[in-house]
Amino acid sequence: MTVRLVFFMKKFFLFPVLLLFLFPVFSEDTETVSESVSTEESYEEPFADLFDEDSIFDDVEDVEAVITEEKSEKGEVVIAIDEWKIPLKFTGHMEADIGAGAIREDGETEKTGYFSFTNYLYFTARPDKCISINGSMKTYMPGSSVTFSLYELYFTYILLDKAFITAGKKKTTWGYTRLFTSYKENDTDDDRGGFSSDILYDSLGGTSMLLNVPVGTFANFSVFSLYTDSGSGSSSQMSMNDMSFAASAEFTVFNTALNFFARKYPSETGNRSSEYKRPLLGSEIKKTIFGTDFYVQGIGTVNSFSLLKEVDILAFYDLILTCGFYRKWENFGINVEYQEDYVTSSKEHYRAVAYDIYGRIKYSNKSIKIGASGSHIQKDSSGNNYGYVKPGVILSGFFPYADLDTGLKIQYGDTSSYVSPKLTFGSYLAISMDY
């Protein structure tokens, strides 16, 4: 078993080693990039997924950056108590989609319309350079009722310019991968179809705390904890067995970013036993060569720590390898990822490939974006294959504050989720505004 594990791990990390030692002279500066960002939830309507809102080609800025870099006094309210003043800034983002389309499946065609309206109101207060509080309110419609929720609310505290503490309700992401980052366990409707490479996929589902300790530009150490409140009002009596914990150590060596991480879920015998999952151990590497990002991630779901001490491959339930490359030029972008999941007990391999490719034609203040995305999944060795292809066109600059999106989604293969092939066509006006 020891020889098998050593051989497999050598094969598993061959590509990262090549990147680290063969290409340092051609690489560009790479910074550690485990970060904590605000992201928006994806749509679940039939036509919304015809286009990737955060695709490699969209010129989208992070919402937090918009807030913190705001220079204008507009939208700022000053709260004053005696001589103490706190500037409170408000910004917002709205997006609305209006369109129509058709779905053809099993020889039948269903015509349908589409409408959604989402609004985010962001606020931030920074009474001092060492502390700030941020939050956002989300409103969504349509539905049985208008959904109004506190999307995020957290504070950031800088401890003696040495450590950064962030705590509250916040979306946090780790990792270098870009495509296999969603999480839908045992859900064959998951477009990408692979294992989630973001180990903090559920960070927005509870109260979290993140401690970052940077060491110059060489390293960054992080500790993360998450507690999911059941709504019973007992959140002040948190047990360690009912919490999730994660840790990472990032290093920059020869202009190459290296990250080692682990995560523990709530105990199998605790009050949050329904949230139990096998612990994770992993590492990843990213290097930029001639403007192209190459990255590799390896994750193992631990089945037995006693076998792990014996260096036995059966210590892991499965081993997941995700690798890819990403490059964006001014008017063209491409992102491709490959993932393989090896189940140690059955020796089965599950494979998946995902891709995004976009191009843009610009003239005057208008542009036409043409692209395609998709994935192909092999779920078992018997050839149970399925996937999808999504070509689309986006017209920008022809309408104020709006793009015209038109696309076709072709789903194929052996799956119980739909009758193959399933065709979804849609065209809608995507209206958005920052304020």
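Quick notes on this one:
Quick grid of which residues meet (1) polar (S, T, N, Q); (2) open to solvent by less than 50 Å² (accessible area, probe 1.4 Å); (3) within 18 Å of the chain's Cα centre (by Cα):
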position: L280; (1), (2), (3): no, yes, yes
position: S283; (1), (2), (3): yes, yes, yes
position: Y295; (1), (2), (3): no, yes, yes
position: I313; (1), (2), (3): no, yes, no
position: L321; (1), (2), (3): no, yes, yes
position: E340; (1), (2), (3): no, yes, no
position: S346; (1), (2), (3): yes, no, no
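- Condition check for F398: touching a residue at least 60 places away in the same chain (Cβ under 8 Å), open to solvent by 70 Å² or more (accessible area, probe 1.4 Å) and hydrophobic (A, V, I, L, M, F, W, C): no
- K309 being surrounded by fewer than 21 Cβ atoms within 10 Å (Cβ to Cβ) and over 30 Å from G216 (Cα atoms): yes
- Restricting the first member to the range 287-312 and to residues that are under 30 Å from V336 (Cβ atoms), and the second to residues that are aromatic (F, W, Y) and in a loop (DSSP other than H, G, I, E, B), the beta-carbon pairs closer than 8 Å and six or more apart or on different chains are K287/F23; I289/F23; D293/Y176; Y295/Y176; V296/F13; Q297/Y176; G298/F13; I299/F195.
- Subset of the range 304-348 that is part of a loop (DSSP other than H, G, I, E, B) and polar (S, T, N, Q) - its residue that is modelled with the highest pLDDT: N331
- Some residue of the range 355-363 being at pLDDT 90 or above and more than 27 Å from Y326 (Cβ to Cβ): no
- Residue selected from the range 102-133 under the condition in a strand (DSSP E or B) and either without any contact (Cβ under 8 Å) to a residue 12 or more places away in the chain or on the phi > 0 side of the Ramachandran plot (or both), by the criterion most open to solvent (accessible area, probe 1.4 Å): K111
- S196, sole failed condition from (1) open to solvent by 30 Å² or more (accessible area, probe 1.4 Å); (2) under 25 Å from L281 (Cβ atoms); (3) modelled with pLDDT under 85: (1)
- Looking only at the range 349-369, residues that are outside any strand (DSSP E or B) and open to solvent by less than 60 Å² (accessible area, probe 1.4 Å) come to 0 in all.
The values are calculated or read from the model by the stated rules, or taken from the named source; none is laboratory data. Nothing here was measured: the structure is a model prediction, and the numbers come from that model. All Cβ positions, even for glycine, are placed from backbone atoms using ideal geometry, and neighbour counts span all protein chains on display. Just the protein is used for accessible areas: all its heavy atoms, side chains included, with ligands, DNA and RNA removed. Shrake-Rupley method; radii C 1.70, N 1.55, O 1.52, S 1.80 Å.
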